[in-house]
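Student: The structure follows.
Derivation of every value follows stated rules applied to the coordinates shown; laboratory data play no part. Note that this is a predicted model, so its numbers are computed, not measured. Counting neighbours? That spans all protein chains shown, and the Cβs are built from the backbone with ideal geometry, glycine included.
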Amino acid sequence: MKTRIIDGVDVQLSSGNVYADLGLPDAEKLKIKTGLVIEIRKAMRSLDLTQQAAAKRMGITQPKVSDMMRGDFTNLSERKLMDCLNRLGYDIEIKVKPATASLGHLMLAID
């Protein structure tokens, strides 16, 4: 991670993935899940759904929606989060292409 001094303070520049910057395992997976949860929150807000109504529509329990809204989504897989978005009226596209490096990466692009 790059560092630079701003006003006499060492500042570390982010890699673009806060989970990786913190050294957490499965940082890419966490970044993707976070992006999906952000979109779920936006959809709930735009549809004016309560947690109970959102839970029913997404096919999960209200306590799981509550956990998700508080940032605890470890009990939900990426697939389940994508299913929740589908049930809230979102299309999801997955694009696979050859990597430019020897090791590919997973990326979430949100319109």
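Student: Please give the net charge around K80, taking every other residue with its beta carbon less than 12 angstrom from that of K80, where Lys and Arg add +1 and Asp and Glu add -1. All intermediate terms of the calculation are to be shown ahead of the outcome.
Tutor: Numbers: positive: K33, K64, R79, R87; negative: E78, D83.
Charge balance in the 12 Å sphere: +2.
Student: Can you put E93, E78 in order, fewest other beta carbons within 10 Å first? Don't skip to the answer; put the middle values down first.
Tutor: Values: E93 6, E78 15.
Exposure proxy ranking, most exposed first: E93, E78.
Student: Still on this structure, please answer the following. Does anyone have the angle between helix 78-87 and the longest principal axis of the chain? Alpha-carbon axes, 0 to 90°, nearest 10?
Tutor: 50
Student: Across 10 Å bins from the origin, how do the percents of Cα pairs in the chain run, short distances first?
Tutor: 12, 37, 28, 17, 6, 0
Student: Under a 10 Å cutoff between Cα atoms, tell me which one of A54, A99, A43 has the largest fluctuation in the Gaussian network model of the chain.
Tutor: A99
Student: Fewest to most neighbouring Cβ within 10 Å: what's the order for V96, V37, V18? Can you show the working numbers first?
Tutor: Values: V96 5, V37 19, V18 13.
Listing V96, V37, V18 from fewest to most nearby Cβ atoms yields V96, V18, V37.
Student: Helix 27-46 versus the longest principal axis of the chain: what angle, 0 to 90°, nearest 10, using Cα atoms?
Tutor: Relative to the chain, helix 27-46 is tipped by roughly 40 degrees.
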